[in-house]
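Report on one structure; see the data block that follows.
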Amino acid sequence: MKPFIFISLLLLSINGISQDFTPNYEESKIPAYELPPLLTSNDGKAVGTSEQWMDYRRKEILSDFEKYVYGKIPEGDIDIKTEIIKEKNALDGKAIMKEVKMTFSGNNQEIYMDILIYLPKIKNKAPLILAYNFNGNHTIINDPNISLTTSLVGNNKEFGITNNRATEASRGAKHNRWAVEKIIDRGYGLATIYYGDIDLDINDLSDGIHALFYKSGQTQPAKDEWGSIAGWAWGLSRAMDYFEDDDDIDESKIALMGHSRLGKTSLWAGAHDQRFAIVISNDSGCGGAALSRRRIGETVWRINTSFPHWFCDNFNEFNNNEDALPVDQHMLIALVAPRPVYVASAQDDKWADPKGEFLSAFHAGAVYKLFGLEGLPTANMPEVNEPIMKSVGYHIRTGKHDVTDFDWEAYLDFADKHFGN
Ligand code: GTR
């Protein structure tokens, strides 16, 4: 895709948002709704044991999310080549930095994904947090050894990005969101990937990972096939394939974290791929942790209108028609069970519906109970800045839609608790 097309498409996706949408923020105006039952199968059987959950209910729900929300990954073989590009001392010698390039090819096309990895220098294999970034690996910390991304990035005057190509000036530009040193000091590794490596975040699925899987003559996913979120989730699983082969990484202790649209992605990846040991959603909102039926802030119609490429086409059937959805987002969180899951909200992030995020996490607890595990203790939201950490974790912190040191501290505490670090 040519850079100027990328810019105009970005503008289009912003301007394409309908003007006459007034989000509702009042609890009293939420239409009465009933959540689809977690523990009754589609043909009406009660699900009362963890075996029944794993044997059929989990599969039904996963398949409904594939069919109606995120889209299925098409079948087909692509070639994957993995190379370690760099390995260096980092952070004044207390960490190792690696760059790993995975190249994917199919249909005579090729894309690549660069995984940037920081590992603490510890005796054992490192547990690790995996999270996508929005602007390129080089933006998470000012480290001259990190390769600038060669994928297209958004233009930004402050960093001199005018032709959708990363600049030196954007090194470390997003360091506020990445507690790299804290993570290393706590004995964890961090791996990150620029999400645009897998699929550019524009309403165009003719390229990126999708194009590698198209059948002859196909240029768009079928109605029940993957949108961008499922594509990004696929990329996280490929990173996991690599971690399984890296002797410095403990692949049984990978926590997946994501913010906002990438929080939606981490939930879907973690639901789908049970190799991820902990799943963390930071301010993921509509299509992530928030219950769709509450229709607070961003709604299904609104998200499908502003970001038509994120979900599968079938999801449009539920625009202003949330009650017809066979699933709601508490079921997505439940798909992570029995693995620990953490949902975080921000007080000023009304658009993402903090209470809807909390309620999803709360209701998912019913499935954890089948495994003899504890979910969130009550249906009342905790005070701000007071994390709850059971097998389901939750906090709402003060502040806006963002990733802060407070969030990272909570995630590391949660990982310590469950990984026994
Ligand atoms: C918003 C979108 C949200 C959220 C957010 C983000 O514009 O409406 O669903 O994903 O972007 O990713 O920052």
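Numbers below:
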item: DSSP bridge orientation in the chain - percent antiparallel, rounded to nearest 5; result: 55
item: Backbone HN-Hα couplings from phi across segment 160-171 [Karplus 6.51/-1.76/1.60, Hz, Gly and Pro as x]; result: x, 8, 10, 10, 6, 10, 4, 10, 4, 5, 8, 4
item: Segment 310-368 - Debye-derived log10 I(q)/I(0), Cα point model, q = 0.16 Å⁻¹; result: -0.62
item: For TYR33, TYR394, order by how many other beta-carbon atoms lie within 10 Å, fewest first; result: TYR33, TYR394
item: Gyration tensor over alpha-carbon atoms, segment 234-360, equivalent ellipsoid semi-axes in Å; result: 27, 15, 12
item: J(HN,Hα) series, segment 76-82, from Karplus relation 6.51 cos²θ - 1.76 cosθ + 1.60, nearest Hz, glycine and proline x; result: x, 9, 10, 8, 10, 10, 10
item: Using a Förster distance of 25 Å, the FRET efficiency for ASP20-ASN321 (Cβ separation, nearest 0.05); result: 0.85
item: Whole-Hz ³J(HN,Hα) from phi, Karplus 6.51 cos²θ - 1.76 cosθ + 1.60, for segment 201-216, glycine and proline x; result: 7, 9, 6, 7, 10, 7, 10, x, 4, 4, 5, 5, 9, 4, 6, 4
item: Order of MET381, MET331 - criterion: other Cβ atoms within 10 Å of each residue's Cβ, fewest first; result: MET381, MET331
item: Which of GLU225, GLU51 has the fewest Cβ neighbours within 10 Å, and the rest in rising order; result: GLU51, GLU225
item: Average Cα contact separation per residue, segment 227-273, under 8 Å, 6 or more apart, as relative contact order %; result: 49
item: Helical segments meeting 15 Å axial Cα length and Kyte-Doolittle 0.5 threshold in the chain (DSSP H); result: 3-15
item: Gyration tensor over alpha-carbon atoms, the chain, equivalent ellipsoid semi-axes in Å; result: 31, 26, 22
item: Rh by Kirkwood over Cα pairs, then Stokes-Einstein D for segment 85-183 at 1.567 mPa s and 4 °C, µm²/s; result: 88
item: Extension reserve of the GLN109-ILE85 stretch, reckoned as 0.36 nm per residue once the Cα distance is removed; result: 6.5 nm
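No value in this document is a laboratory result; all are computed from the given coordinates. Predicted model, so just to flag it, every value in this text is computed and none were measured. Methodologically, a virtual Cβ is constructed for each residue, glycine included, from the backbone with ideal geometry; neighbour enumeration extends over all protein chains shown.
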